[in-house]
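**Student:** Submitted below is the structure of interest, expressed as structure tokens.
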Amino acid sequence: MNRRNAIGNIVILSLGTMVMPSCSQKEEALVKYKNIKVTASDEKMLAQLSEAIIPKSNNFIGAADVKAHEFTLMMLDDCYEPDKQNKYVAGLNEFEKEVNKKYGNGFSSCTPSQKKQWLSLVEKKKDMPGDVQFFYQTTKRHTLQAFTSSQEYMTGVLKYKMVPGSNFKGCVPLKKT
């Protein structure tokens, strides 16, 4: 073996070891969280769940537009105790299993009418495991919080003004009564 072939083989081998990890089809979340483990499909399902809770209308945004699912995961990762985080992730997995049992596919693959029907069943709390209820109620609470604290909601619906406008009069003489 001559030296050029040996160096070429070493270069090819080292490039192969650098490229191989990127070839694996490992499904990872878009955002890395410190304390919880979610996959990209879990994030997609959460985005669709939050959109089913607050759907987009013809004249206004929906929960997916304000990325309510990311807010939910961030709150869960930063503010909840480890046992609640584990219960949430277990509930997420159980939620997906229950949907799969009922409709034969995951929540992301369901039609809008099936999603609406499923959410009404979960709201009634009949025959649902406790982890599923915890998962759904936590997701719903944080979805509503993210949506109602978004800039679009505050300025478009509440007409919130950060600084008083023309209706503020700072120098008004006081009348004696």
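**Student:** Considering only the range 104-121, state which residues are surrounded by fewer than 18 Cβ atoms within 10 Å (Cβ to Cβ) and of a type outside the set (S, T, N, Q).
**Tutor:** Gly104, Gly106, Pro112, Lys116, Leu119, Leu121
**Student:** Can you tell me which residue in the range 77-103 is least open to solvent (accessible area, probe 1.4 Å), limited to those that are modelled with pLDDT of 90 or more and among the hydroxyl-bearing types (Ser, Thr, Tyr)?
**Tutor:** Tyr88
**Student:** While we're here: Hey, any hits in the range 122-143 for a residue that's among the hydroxyl-bearing types (Ser, Thr, Tyr) and either open to solvent by 40 Å² or more (accessible area, probe 1.4 Å) or not in a helix (DSSP H, G or I) (or both)?
**Tutor:** no
**Student:** Report every pair of residues separated by at least 6 positions or lying on different chains whose Cβ atoms are under 7 Å apart, first residue within the range 82-109 and of a type outside the set (Asp, Glu), second open to solvent by 80 Å² or more (accessible area, probe 1.4 Å) and at pLDDT 90 or above.
**Tutor:** That search, which allows pairs on different chains as well, returns Ser108/Lys44.
**Student:** Here are Glu27, Glu43, Glu51: which of them is at pLDDT 85 or above, open to solvent by 30 Å² or more (accessible area, probe 1.4 Å) and either of a type in the set (D, E, K, R) or in a helix (DSSP H, G or I) (or both)?
**Tutor:** Glu51
**Student:** Applying the selection to the range 149-159, what residues are open to solvent by 60 Å² or more (accessible area, probe 1.4 Å) and either at pLDDT 90 or above or in a helix (DSSP H, G or I) (or both)?
**Tutor:** The answer is Ser149, Gln151, Glu152, Thr155.
**Student:** Follow-up. Look at Phe60 and say whether it is outside any loop (DSSP other than H, G, I, E, B) and either over 18 Å from Val99 (Cβ atoms) or without any contact (Cβ under 8 Å) to a residue 12 or more places away in the chain (or both).
**Tutor:** no
The values are calculated or read from the model by the stated rules, or taken from the named source; none is laboratory data. Everything quoted here is computed from the prediction, not taken from an experiment. Cβ sites come from the backbone with ideal geometry, for glycine too, and all protein chains shown count toward neighbours. Calculation scope for accessible area: heavy atoms of the full protein, side chains included, ligands and nucleic acids excluded. Shrake-Rupley method; radii C 1.70, N 1.55, O 1.52, S 1.80 Å.
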